[in-house]
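The structure appears right after this line, and notes come after that.
The values are calculated or read from the model by the stated rules, or taken from the named source; none is laboratory data. Predicted model only: the values in this text are computed from it and were never measured. Cβ: placed from backbone, ideal geometry, glycine included. Neighbour counts: every protein chain shown. Heavy atoms of the whole protein, side chains included, go into the accessibility calculation; ligands, DNA and RNA do not. Shrake-Rupley method; radii C 1.70, N 1.55, O 1.52, S 1.80 Å.
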Amino acid sequence: QVQLVESGGGLVQPGGSLRLSCAASGSIFSINDMGWFRQAPGKQRELVAVITSAATTNYDASVKGRFTISRDDVKHTVYLQMNSLKPEDTAVYYCHADILPWGASSWLNAWGQGTQVTVSS
């Protein structure tokens, strides 16, 4: 069974930094795109950043220049370094990955359980 486990959320003051991690575990043959989404209360889930297997990155305009996504393919882990945090970054952050399990013929659309990020003074 493949699963994604996130860590690193918490409470931080405006202007502060946090680093989120998301590790994939289980019987994994390959991982394609990995990304981070977030959902604020009363809003739809939105894409924050994505990184392809070729390490190409793409960011939402609201976080470009402040957030950095990276991945470690040996550890099957994706990271989100968040700097210069603003109150409007407050949300539950979810990681996502397209995973091909060993012996499977189709890709799995995997999601983490979510981690809360609160930016407040």
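Annotations for the structure displayed:
- Pairing residues of region 100-121 that are on the phi > 0 side of the Ramachandran plot and in contact (Cβ under 8 Å) with a residue 40 or more places away in the chain with residues that are surrounded by fewer than 17 Cβ atoms within 10 Å (Cβ to Cβ) and assigned to a loop (DSSP other than H, G, I, E, B), at Cβ distances under 8 Å and at least 6 apart in sequence or on separate chains, gives Gly103/Ser27.
- Only a single criterion out of (1) under 10 Å from the mean Cα position of the chain (by Cα); (2) not in a strand (DSSP E or B) is not satisfied by Pro14, namely (1).
- When we screen Leu20, Leu4 for residues that are out of contact with any helix residue (DSSP H, G or I) (no Cβ under 8 Å at 6 or more places or on another chain), at pLDDT 95 or above and farther than 24 Å from Ser105 by Cα, the only hit is Leu20.
- Test: residue in region 77-90 that is surrounded by fewer than 17 Cβ atoms within 10 Å (Cβ to Cβ), over 15 Å from Val117 (Cβ atoms) and not basic (Lys, Arg): no
- Pairs, first over 16 Å from Cys22 (Cα atoms) and in a loop (DSSP other than H, G, I, E, B) in region 39-59, second modelled with pLDDT of 95 or more and open to solvent by less than 40 Å² (accessible area, probe 1.4 Å), C-beta under 6 Å, six or more apart: Ala40/Ala91
- If the condition is being open to solvent by 50 Å² or more (accessible area, probe 1.4 Å) and touching a strand residue (DSSP E or B) at 6+ places or on another chain (Cβ under 9 Å), then region 95-105 contributes Trp102, Gly103.
- Meets criteria (surrounded by 14 or more Cβ atoms within 10 Å (Cβ to Cβ) and of a type in the set (Ser, Thr, Tyr)) for Ser17: no
- Failed item in (1) within 19 Å of Ala55 (Cα to Cα); (2) touching a helix residue (DSSP H, G or I) at 6+ places or on another chain (Cβ under 7 Å), with Thr77 passing the rest: (2)
- Within region 1-12, no residue that is basic (Lys, Arg) sits with its Cβ atom under 8 Å from a residue that is in a strand (DSSP E or B) and open to solvent by less than 60 Å² (accessible area, probe 1.4 Å) at 6+ positions apart or across chains.
- All of Leu108, Leu47, Leu11 fail the test of being among the aliphatic types (A, V, I, L, M), under 23 Å from Gln1 (Cα atoms) and open to solvent by 30 Å² or more (accessible area, probe 1.4 Å), apart from Leu108.
- Here Thr68 meets each of (1) of a type in the set (Val, Ile, Thr); (2) under 17 Å from Ile31 (Cα atoms); (3) open to solvent by 50 Å² or more (accessible area, probe 1.4 Å) with one exception, condition (2).
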